[in-house]
Amino acid sequence: MFSRMAPRGRSGLGRSLAELGLLLLAILVLLDGTVLSLEAATSSEIDTHEGKPGTHKNTSKKSFPVLGIKYDDVSVPFEISLWVLLASLMKLGFHLIPRLSNVVPESCLLISVGLLVGGILKLARDEVPPVLSDRIFFLCLLPPIILDAGYFLPIRPFVENIGTILMFAVVGTLWNAFFVGGLIYAVCQIAQDKYSEIDLSNIGILPCLLFGSIISAVDPVAVLAVFEEIHINELLHILVFGESLLNDAVTVVLYHLFEEFMESGSVSAVDAILGLVSFLIVALGGVLVGAFYGILAAFTSRFTSHTRVIEPLFVFLYSYMAYLSAEVFHLSGIMSLIACGAVMRPYVEANISHKSHTTIKYFLKMWSSVSETLIFIFLGVATVEGEHHWNWVFLTSTVVLCLVARVIGVVGLTYIINKFRIVKLTTKDQFIIAYGGLRGAIAFSLGFILHSEHKKIFLTAIITVIFFTVFVQGMTIKPLVELLAVKKKHEAKRSINEEIHTRFLDHLLTGIEDICGHYGHHHWKNKLNRFNKKYVKKILIAGDRSKEPQLIAFYHKLEMKNAIQMVESGGGSKLNSTFPSTVSMQNIQPKIHSPPSARPSERALPQLTKGREEEIRQILRTNLQKTRQRLQSYNRHTLVVDPDEEGFDDLILKKRRMMELDWKLKQMTNYLTVPRSQGSPTMSRARMASDSQAYVKPGAENVPTIKIDLASPQSPDSVRLLDEVVQDQGLTMSLPSSSSRAYKTSGKDDGRDQQKLLRCLSDPGPDVDDDEDYDDDEPVPT
Amino acid sequence: MGALKSTPAPIEHHDLSEKTGFSLRQIRVLHKRFKQLSDGDDVLRREDFLGISSLKYNPIRKEIIEAFFNRRNFSPSCEGRANEIDFEEFLVVMSHFKPPCSKMTDEQRKNIRREKLKFIFNMHDSDGDGLITLEDYRHLVEELLSRSGALGKETSRAIADAAMFEVARTVGHRLLSNFDIESRMNIRFLKTDVIPGCRLG
């Protein structure tokens, strides 16, 4: 949910574009309706024609239909596509209007659009199609969102807080259900509104409890939609989100339980115990089914090294099967889906290619995004569609009771939970958890499939609560977070140091626990890890990767990411080896503080003679030709040119870079700068010793704040050379006695070390210039 | 040792409780463990630690044991290493892993964070000169990866080098600035006398 800031000049155009789109769609939909009625009319005419036998056939010979309308065959896919198109255009539109999307969360806007569209449809056709039928919702719209959440679930914080999450999910939901259900029953009995058509006292205790159980569940879709935009810290996010996922089991059990009770009419103690047992079965069964499919998927992915193209498909299919299988047995489908995604992920990611990984990520994000948008729009449409029974007493008391129940539940549970937690939950945390308990479309769908006589009033109440939480709580949570100064998520990239220290801490804490002599949290985690490494990984991960410890895997991923970034930004070391570095714009780039306008002159470019220039151009051209030839030979099944498929990426990027370099060379005559004669001996030695003419931009201080972005340090050359350099004194980190920082590189060694590195590296490194982006559209003169 | 519950806490325990922040019950449990590890002695030696069987699988076992004998962990001004430690020093080292209490000023929180970071720093700095060199870091990464066999020196070197470069690149050269150490470097100390499950030997 990124918000693209449209440049000023285009915002007006963008807005009108979005409105145009909406208008167009509205017109299309209206046309839809009229066409349908037209079709019905013509078909009836044809029927009457055929009715009269034979004689008329000769006289009325129809001319060959050049243009006809046959809508029925494609009506369903057509309508579906229209809805999805509408949803996507809306999403597009909102992000073109940054002011609006900052104040109002997307979910609110989407519901409003849904209301609008529903209204238009009602006016046009006088009836609205029931789009949010429970089958569509539970089978098509919900799974992508849950799979996206489950696959990318941050496992470590989730497992660390699992106790808290389970408490909130299970006990909290039960408390909410009974509190709301019970008190609403009391309200119904007490309130006797003379002006309403509905006799509230008719509603028995069981329907009230059923209603309570539907409305008490925190909804993952709504939570995701709102929390994603406020960026609170990881702990709170995982607590509320985890709760919303895990309370599905409770909701399913309560719902079926109360439905059964309503059918049978009486409750006994045995039934209550059976309910408890059923809860355990539903929850654990769901998780087991999910884990089973997850292991299957991991196992399958072990053998996909020759058919990389369908790898993502396996992930999606197995997950969906897990969901459906759980639904067959009335187990919790959501928990099954989460378990499947979480179990399969570490193994699948070790097995599949980089491209498949990207594909899975993007498809999941795309589907879940579209699903979410559709859900909110349909909520709006369904609101317009249904008949509503307004009963102010019932509605207001429902809303109030829900809020009160949530607050009391959270406070009470936190009091108990804090006795067991190491890091306690503060009052601020409690407030956010309570306030973030949003209800959403799941509650609506469950209400939709009720078979109760009071369905309409329940549905109205559910919609009211949903609207209240999404609009009021959704809109105000962001300013409240700011006001209360809740800790936000820090966006820092996961660095290798953190990874090393995470592993280090794991082992350290396990060791200390062993010394203390009790089997704690870390001890069991360690045992599980050892079991995993010894047995499970061998089975589920293909080949050599099974032995690769996590640190190394993380490191490889990081390096690949860095390498791709480096190559994309125009640097890189894989050019033709006869010209190690003269050709390139590779130089040590000082940190870019300068304004973009001064950029061309700051580029310290090497000075080349005419002859050299010509040679360089020749090499570039041959390289370009080579890559062009290679690119033409591939087929749909392999999608890969080289056996090493990462090379394919490199080739494309290399080709682009070559074109850029060629262009840059042309410009060189305009932008040559004479390198400043450096006072420091190492710098001048650098110039003369190798062809690598590396210059610092004129005007830099003598000991600059040089950023060295080396060629990937994992290449053996640079490491070995580095050894030579750093053996004498090493990059030292000293602990200054008075500062509060634990680590600091010693200042005086900085410049010297880095310049030494300069000397030793034949590839001084790429120019990582973040401001430049050579789009594909930029015309490259040849 | 069944009589432990009924004897009143000795005076030293009260002092220790004030100094380290453990509760009296926790100190009693830890004292019991200390006695168990040291075979009834009053001091612990390195060999006593080697007797703990579950430490065998730990790749940084040596560093952990060394940390107990590193004088710098006892108080900020001490230097060098000890060969034996008594209960007080044992407790002081353990107190580094105590979770922070919920009501704390920012100053206190910063201090605790600094203490924990200093502990880890001392663990990395094997020769005790106050500096962590690239060699130290490489050694650390090698140990962490030592359980994975033949993946080798090359990669662990590369990882350590990459890590060092990362530090050199960060603004202000902070290594673990975003690493919530005060909430991560904690273990749960038992207040009740649970029979320790892992026996020695």
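The values are calculated or read from the model by the stated rules, or taken from the named source; none is laboratory data. Here the structure is a predicted model, which is why all the values come from computation and not from measurement. For neighbour counting, all protein chains shown are included, and Cβ atoms are generated from backbone atoms with ideal geometry for every residue, glycine included. We work out accessible area using only protein heavy atoms, side chains counted, and drop any ligands, DNA or RNA first. Shrake-Rupley method; radii C 1.70, N 1.55, O 1.52, S 1.80 Å.
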**Q.** Residue count for the stretch A:402-428, restricted to those that are open to solvent by less than 20 Å² (accessible area, probe 1.4 Å) and assigned to a helix (DSSP H, G or I)
**A.** 8
Q: Restrict the check to the stretch A:495-517 and report whether at least one residue is modelled with pLDDT under 85 and open to solvent by 60 Å² or more (accessible area, probe 1.4 Å).
A: no
Q. Residue check: is residue A:481 modelled with pLDDT of 75 or more, assigned to a loop (DSSP other than H, G, I, E, B), more than 14 Å from chain B (Cβ to nearest Cβ) and surrounded by 15 or more Cβ atoms within 10 Å (Cβ to Cβ)?
A. no
Q) Taking the stretch A:349-388 as the region of interest, how many residues are closer than 30 Å to residue A:190 by Cβ and open to solvent by 60 Å² or more (accessible area, probe 1.4 Å)? A) 1
Q: Would you check if residue B:116 is more than 8 Å from chain A (Cβ to nearest Cβ), open to solvent by less than 20 Å² (accessible area, probe 1.4 Å), in a helix (DSSP H, G or I) and charged (D, E, K, R)?
A: yes
Q.
Being surrounded by fewer than 19 Cβ atoms within 10 Å (Cβ to Cβ) and assigned to a helix (DSSP H, G or I): is that true of residue A:529 here?
A. yes
Q) Which of the residues that make up the stretch A:429-460 are among the acidic types (Asp, Glu) and part of a helix (DSSP H, G or I)? A) A:429
Q. Can you tell which of B:151, B:131, B:175 is open to solvent by 60 Å² or more (accessible area, probe 1.4 Å) and modelled with pLDDT under 75?
A. B:151
Q) What is the residue count in the stretch A:402-433 for residues that are farther than 19 Å from residue A:477 by Cβ and either within 11 Å of chain B (Cβ to nearest Cβ) or of a type in the set (A, V, I, L, M, F, W, C) (or both)? A) 10
**Q.** Residues located in the stretch A:291-319, provided they are within 21 Å of residue A:244 (Cβ to Cβ) and surrounded by fewer than 21 Cβ atoms within 10 Å (Cβ to Cβ)
**A.** A:291
Q.
Which count do you get for residues in the stretch A:323-378 that are on the phi > 0 side of the Ramachandran plot and in a helix (DSSP H, G or I)?
A. 0
Q. Which members of the stretch A:536-554 meet the condition of being modelled with pLDDT of 75 or more, buried (at least 20 other Cβ atoms within 10 Å of the Cβ) and either among the basic types (Lys, Arg) or part of a helix (DSSP H, G or I) (or both)?
A. A:540
Q. Residue A:146: open to solvent by 40 Å² or more (accessible area, probe 1.4 Å) and either part of a helix (DSSP H, G or I) or more than 30 Å from residue A:422 (Cβ to Cβ) (or both), yes or no?
A. no
Q: Report those helices (runs of 4 or more DSSP H) wholly inside the stretch B:31-108 carrying at least 3 residues which are open to solvent by 50 Å² or more (accessible area, probe 1.4 Å) and more than 10 Å from chain A (Cβ to nearest Cβ).
A: B:46-50
Q. Residue A:460: more than 14 Å from chain B (Cβ to nearest Cβ), open to solvent by 10 Å² or more (accessible area, probe 1.4 Å) and hydroxyl-bearing (Ser, Thr, Tyr), yes or no?
A. no
**Q.** Criterion (in contact with a Ser or Thr (Cβ under 8 Å, 6 or more places away or on another chain) and either touching a residue at least 24 places away in the same chain (Cβ under 8 Å) or of a type outside the set (Phe, Trp, Tyr) (or both)) met by exactly one of A:481, A:465
**A.** A:465
Q. Which of the residues belonging to the stretch A:172-186 are surrounded by 18 or more Cβ atoms within 10 Å (Cβ to Cβ) and aliphatic (A, V, I, L, M)?
A. A:174, A:177, A:180, A:183, A:184
